Amino acid sequence: MDKRIAGSLLIALALFMLLGWANADVEGAASIVALFIVVVLPAVGGVLLFRAHARGGKANLARREALRDKTVRSEMIRLATARGGKLTVVEAIAATGHDETTVRQALDALHLSGMARLELTDSGTMVWAFDDIATVEQKAAARDVLDA
């Protein structure tokens, strides 16, 4: 059940129980204890459920953004692999359909993490070079660290 629905039901129950408590012929400490149990506790539970729903939405949004960023970076690496280890923004935009800002942010993040190196052509075009991808052919000839 959705947290908003459960919270609404608890608050409605608290209001209904408040009407019943107001019409009851109970006095003294028993009245206060009954008020706390049948009105305050459900109302607090309803409010807490609403707050949990509000906080959960923000956390989910942050997780989705992080997953989106990882996915775009992964697409850039896969595309660079298909293009011999080098990639330009225009190639990435054409191949993925992402906007320029998204592509640049992903490539810059890969550059800052050390996975890509930034190069410039004679005409000034920025090229992101992925050295590990460019040497993937050497993978078959790899030896044990102690044998090297």
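Structure values in brief
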| item | result |
| --- | --- |
| Single residue of the stretch 112-134 satisfying the filter (surrounded by 11 or more Cβ atoms within 10 Å (Cβ to Cβ) and in a loop (DSSP other than H, G, I, E, B)) that is nearest to the chain's Cα centre (by Cα) | Met115 |
| Tabulated pairs, the stretch 127-140, first closer than 16 Å to Arg117 by Cβ and of a type in the set (Val, Ile, Thr), second loosely packed, with under 14 Cβ neighbours inside 10 Å and at pLDDT 75 or above, C-beta under 6 angstrom, 6+ apart or interchain | Val127/Glu119 |
| Members of the stretch 109-148 found to be touching a Ser or Thr at 6+ places or on another chain (Cβ under 7 Å) and within 17 Å of Arg78 (Cα to Cα), listed by number | Val127, Ile133 |
| Filter result for Ala109 (in a helix (DSSP H, G or I), hydrophobic (A, V, I, L, M, F, W, C), touching a residue at least 40 places away in the same chain (Cβ under 8 Å) and in contact with a helix residue (DSSP H, G or I) (Cβ under 8 Å, 6 or more places away or on another chain)) | yes |
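The values are calculated or read from the model by the stated rules, or taken from the named source; none is laboratory data. This structure is a prediction, so every number in the text was calculated from the model and none was measured. All Cβ positions, even for glycine, are placed from backbone atoms using ideal geometry, and neighbour counts span all protein chains on display.
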